[in-house]
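The values are calculated or read from the model by the stated rules, or taken from the named source; none is laboratory data. Bear in mind the structure is a predicted one, so any value in this text is a computation, not a measurement. Cβ coordinates were reconstructed from backbone atoms using ideal geometry, including for glycine residues, and neighbour counts include every protein chain displayed.
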Amino acid sequence: MSSLSSAIADWAVDLMESLGGPGAGLLVALENLFPPIPSEVILPLAGFAVGQGKLSIVSAITWTTLGSLIGAVLLYLLGAVLGRERMYAIAARLPLVKTEDVARSEAWFVKHGSKAVFFGRMIPVFRSFISIPAGIERMPIGTFLLLTGLGSLTWNTIFITAGYFLGENWEIVEQYASVLQIAVIAGVVLAVAYFVITRLRDRTEKDRTGVR
C-alpha cells in the first residue's frame, strides 16, 4: 500500500470509529467530490469495520450508498448550474483534477447516456466526473438518482463484502481492484442480459400460444 493510501486508511479508520456508519457515508461522499480519495480503500475498510463489530453490514452499505448519492448530486447540481465552460474553467484550477478526465466523462455520457451513469459508478475517476455531464445535459433528476443509486449500491456492496471476508487483509482488495471492477461490470451485464432474454422469451412464448 502506498504512503498516501496508508494515510487515507488511518484517517478513514479514525472517522468510522468515531462516527460509525455516517462516517463511512461521509468518506464516500468526499471520495465523489475529491477523486484522489479512493473508494477502493474506503469501502474495504468499511467491510473490515463490519467484521470488527464497529458497524453492521446493512449500516455500512446504506450509509456509503447514501454518501455516493449525496456526492453525485452535488456534482450534478454544479454541472447544471455552472454549465460546461465554467465547469471546465474550475476543473483546470483544481489540484489533482485533470480537465481531460472531465472531457472523457462528458464524451462517454454523450455516447452512452443512462448506461454511462450506471456503469460509471463502477469505474475509477468516471465514478465522480460522470455526474457533471449528467447535470450539464440536464438528465432528469429522478433517472439520475435511480441509476446512480443502483450503480453505487452494486459497487459498494461488492467492495464492503470483500473487505469483510478478508478481514485484516482488506488491502488486498485495492491490489485487485481492477479485476474486481471488471468482474462487477461483467456480472451486472450478464444479469441484465439474462433478464432481457428471459422477458423476450416469455413474450415470444405468449405470442405463439396466444396467451395475453
query = Taking residue 166, is it touching a helix residue (DSSP H, G or I) at 6+ places or on another chain (Cβ under 7 Å), more than 28 Å from residue 102 (Cβ to Cβ) and at pLDDT below 85?
reply = yes
Please verify whether residue 120 is among the small types (Gly, Ala, Ser) and crowded, with 24+ Cβ neighbours inside 10 Å, treating the condition exactly as stated. yes
Scanning region 9-39 for residues that are modelled with pLDDT of 75 or more, out of contact with any Ser or Thr (no Cβ under 8 Å at 6 or more places or on another chain) and of a type outside the set (A, V, I, L, M, F, W, C) gives 14, 17, 18, 22, 23
Going through (1) within 29 Å of residue 23 (Cα to Cα); (2) free of Cβ contacts under 8 Å to residues at least 24 places away in the same chain one by one, residue 87 fails only at (2)
Flagged in region 140-167 as among the aliphatic types (A, V, I, L, M), touching a residue at least 60 places away in the same chain (Cβ under 8 Å) and within 24 Å of residue 107 (Cα to Cα), in numbering order, are 141, 145
Among the residues of region 24-56, the number that are of a type in the set (Phe, Trp, Tyr) and assigned to a helix (DSSP H, G or I) is 1
Q) With respect to residue 90, is the statement that it is surrounded by 18 or more Cβ atoms within 10 Å (Cβ to Cβ) and under 20 Å from residue 31 (Cβ atoms) true? A) no
Those residues of region 83-97 which are farther than 18 Å from residue 107 by Cα and either touching a Leu at 6+ places or on another chain (Cβ under 8 Å) or at pLDDT 85 or above (or both) amount to 90
Within region 121-138, the count of residues that are in contact with a Leu (Cβ under 9 Å, 6 or more places away or on another chain) and at pLDDT 80 or above comes to 8
Okay, helices (runs of 4 or more DSSP H) sitting entirely in region 57-142 with 1 or more residues that are under 17 Å from the mean Cα position of the chain (by Cα) and of a type in the set (D, E, K, R), I get 99-112, 114-120, 126-129
